1. Within region 40-65, how many residues are at pLDDT below 85 and open to solvent by 100 Å² or more (accessible area, probe 1.4 Å)?
2. Do any helices (runs of 4 or more DSSP H) lying entirely in the chain carry at least 1 residues that are charged (D, E, K, R), and which ones are they?
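The values are calculated or read from the model by the stated rules, or taken from the named source; none is laboratory data. Computed from a predicted model, the values in this text were never measured in an experiment. For the accessible areas, the whole protein counts, side chains as well, though only heavy atoms, and no ligand, DNA or RNA atoms are used. Shrake-Rupley method; radii C 1.70, N 1.55, O 1.52, S 1.80 Å.
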Amino acid sequence: MNIIDFAKAKTTWSNAEFIVFKLSITCGYLIIGAYFHALFSNYYIPLFIVFGISLVWTISLWAKKMKKGA
C-alpha cells in the first residue's frame, strides 16, 4: 500500500475511538505550546482570531450536519 492509497482509505470511528484521537492531538498541542511559549506569546491576538473563526465555522458545519441527519 503506497501513501496515496493510505490517504484515500476510508474508515469509520466510534465516539470512544475518536475521543482517544482528540486526546492525543490535544496533548501534542499542549506540549508544543509549553515548549515554544515565548515564541507564540507575540501571536496571541492572531491565534485567538483564527481560533474564533474556526470555532464558529466548525459549529456551523456541525449544526448543518445535525439538521441534515435529523
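1. Counting residues in region 40-65 that are at pLDDT below 85 and open to solvent by 100 Å² or more (accessible area, probe 1.4 Å) gives 1.
2. Fully inside the chain and qualifying: 3-8, 15-35, 44-69.
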